[in-house]
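The values are calculated or read from the model by the stated rules, or taken from the named source; none is laboratory data. Please read these numbers as outputs of a predicted model, since none were measured by experiment. When we count neighbours, we look across all protein chains shown, and the Cβ atoms used for this are built from the backbone with ideal geometry, even at glycine. Just so you know, the surface numbers come from the protein's heavy atoms only, side chains and all, with ligands and any DNA or RNA stripped out. Shrake-Rupley method; radii C 1.70, N 1.55, O 1.52, S 1.80 Å.
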Amino acid sequence: MAALILLFVLYTQPKEQGMSSMPIAQAVIELNMSPEKFATVNQVDPKRGVNRQPAGLDFYSVEWPSIPGGQVFLEHGPYSFAFSNTIRVTGTYDRAIPSKGLYVFNISGGMTAQSDIYHDEARLRFLEFLAMLKQKGWRRLIGLGDPRLIGHQALQYALLKKPGRSIPTNVLYSLPIDVEIDLNTWMQIEDNDWRMYAGDAIMKIGFRRDTSRLDLDKPSDYFFRYEIYNRQQLIMNQLSSEERKQAAQIWPERKLELEEKRLQKEALLELQGYHIDRSYVDPELKLIQR
């Protein structure tokens, strides 16, 4: 199935204007796929594409030259889509828990096949990308301990800075995926990221721009990064390495603590004039025993 999807995407993806009509290099990923399947489908070089670490983690990678780059197709039922203009994808495998397969994927790349892009073009292309994800059914993920804000209030909260600070106070707060971001606001986004979920998959998106080239009338360089994992890994991310050994006992209480923390934050924000979106639905986060 993955091979058929690979062939379809290779020959049907639109090409950058002025680029060759040759098929774009492509990798196919699927959460929890076996490393053997990943290596076979993507023709991984066993010497260059597999990094086995003594600590027990293996990293399976596919990479391409930055120009023309490649594409990574996420196979995820109705939520499937392709990441364009990528240069690398890496899947993580834990030899101690083989049933998890490749449980985290990291993807990096840009918004165009060229390295340089004007700031406003990067903004518009990224907003189109978010609109595509929303149309596919991806929904914004708000941390269990974070307030349920939407629209411009969510954007304002995420980018809020205290006097004398260069990093936003709420830098770890998930940016909204359904609000128009003007160019001035776009240039304020540096360390924040977008988080969303669809089915069992969680995705985190962030970027870095060349801070030495911030002139709006001149091109700059943008580097986007994507991380994909499942709900079980999202739970593990809320626990320390020691706590994970007793996750079944610790997680239910930790979940309640985070939810209470959210309610406390929301109560304070409502006093400041923020609107709380109580219609927001968290993904179900129930620990599955392996």
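With the dipole of the chain worked out from charges on the C-beta (+1 for Lys and Arg, -1 for Asp and Glu) around the Cα centre, which of 135, 32, 241 lies farthest toward the positive end?
Projecting each Cα onto the dipole axis, the largest value belongs to 241.
Checking the table 100/286; 37/204; 162/218; 134/204; 255/286; 134/265 against a 18 Å threshold on Cα-Cα, which pairs fail?
With Cα atoms farther than 18 Å apart: 37/204; 162/218; 134/265.
What is the diffusion coefficient of the range 50-182 in µm²/s, taking the Kirkwood radius over Cα pairs and the Stokes-Einstein relation at 10 °C with a viscosity of 1.306 mPa s?
Translational diffusion coefficient: 90 µm²/s.
Please get the size of the charge dipole for the chain, origin at its Cα centre, with Cβ charges of +1 on Lys and Arg and -1 on Asp and Glu, quoted in debye to the nearest 20.
On the way: 36 positive and 36 negative charges, 122 e Å.
It comes to approximately 580 debye.
I'd like to know how the range 91-142 sits against the 2.2 N^0.38 Å rule of thumb: what's its Cα Rg over that expected value?
1.64
Please give the calculated 222 nm ellipticity per residue for the chain, where each DSSP H segment of at least 4 residues contributes -39500 (n - 2.57) and the sum is spread over every residue; nearest 500 deg cm²/dmol?
Taking each H run of at least 4 residues, the total per residue is -8500 deg cm²/dmol.
Please report, in Å, the Rg and the Dmax of the range 155-290, where both are computed over Cα atoms only.
17.8, 55
Starting from the 7 Å offset along Cα-to-Cβ, what nm value, one decimal, do you get for the label separation of residue 45 and residue 128?
3.3
Accessible area per residue for the range 153-290 in Å², computed with a 1.4 Å probe and the full protein assembly in place, what is it?
Details: 7730 Å² over 138 residues.
For the range 153-290, the solvent-accessible area averages 56 Å² per residue.
For every other residue with a beta carbon closer than 10 angstrom to the beta carbon of residue 278, add +1 if it is Lys or Arg and -1 if Asp or Glu, then tell me the sum.
Net charge in that neighbourhood comes out at -1.
Using a Debye calculation, one point per C-alpha and no hydration shell, please list log10 I(q)/I(0) for the chain at q = 0.07, 0.13, 0.14 Å⁻¹ in order.
Log10 I(q)/I(0), no solvent term: -0.29, -1.02, -1.17.
Given R₀ = 41 Å, FRET efficiency for residue 267-residue 217 by Cβ-Cβ distance, to 0.05?
Values: r = 45 Å, r/R0 = 1.10.
FRET efficiency, residue 267 to residue 217: 0.35.
Label-point separation (nm) for residue 187 and residue 249, each offset 7 Å from Cα along Cα-to-Cβ?
The answer from the label model is 5.5 nm.
May I ask you to compute the full-extension gain from residue 152 to residue 32, defined as 0.36 nm times their residue separation minus their alpha-carbon distance, rounded to one decimal in nm? Intermediate results must be reported in sequence, preceding the final value.
Working: separation 120, 0.36 × 120 = 43.20 nm, distance 3.57 nm.
That pair, residue 152 and residue 32, stretches by 39.6 nm at full extension.
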